[in-house]
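Read-outs throughout are calculated quantities, based only on the coordinates presented, and are distinct from any laboratory measurement. Predicted model only: the values in this text are computed from it and were never measured. Note: ideal-geometry Cβ built from the backbone for every residue, glycine included; neighbour counts use all protein chains shown.
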Amino acid sequence: MNDTTSLPALPDRLSSNPKSPHHREEIFEHNIGILLNGKERTNVEEYCISEGWVKVPSPKALDRRGQPLLITLKGTVEAFYS
């Protein structure tokens, strides 16, 4: 169904926060999947494949602006279009 020839290449580092310098809007027009150590993660806010980490929001802790604190999880990261 998805034509992979028309999809932009996934970058090494990507963030879902529009204020981040690693945010690329054209990639978020498609569904992206993230595997961390072979398990699919659905709550990833930012990832870096070469450094091997993902950032996920904390379930309860908030920063001073009311945004969830991000927890860094390390391992083998793979990004793909789903």
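Worth a mention:
- Hz values of 3J(HN,Hα) by residue in the stretch 14-31 - Karplus curve (6.51, -1.76, 1.60), Gly and Pro given as x: 8, 10, 8, 7, x, 7, 7, x, 9, 8, 10, 4, 5, 6, 6, 6, 10, 7
- Least to most buried among 39, 55 (fewest other Cβ within 10 Å first): 39, 55
- Residues 12, 63 in ascending order of nearby Cβ atoms (within 10 Å, fewest first): 63, 12.
- Residue 25/residue 60 FRET efficiency (R0 25 Å; Cβ-Cβ; nearest 0.05): 0.25
- Cα convex hull volume per residue for the stretch 13-81 (Å³): 96 Å³
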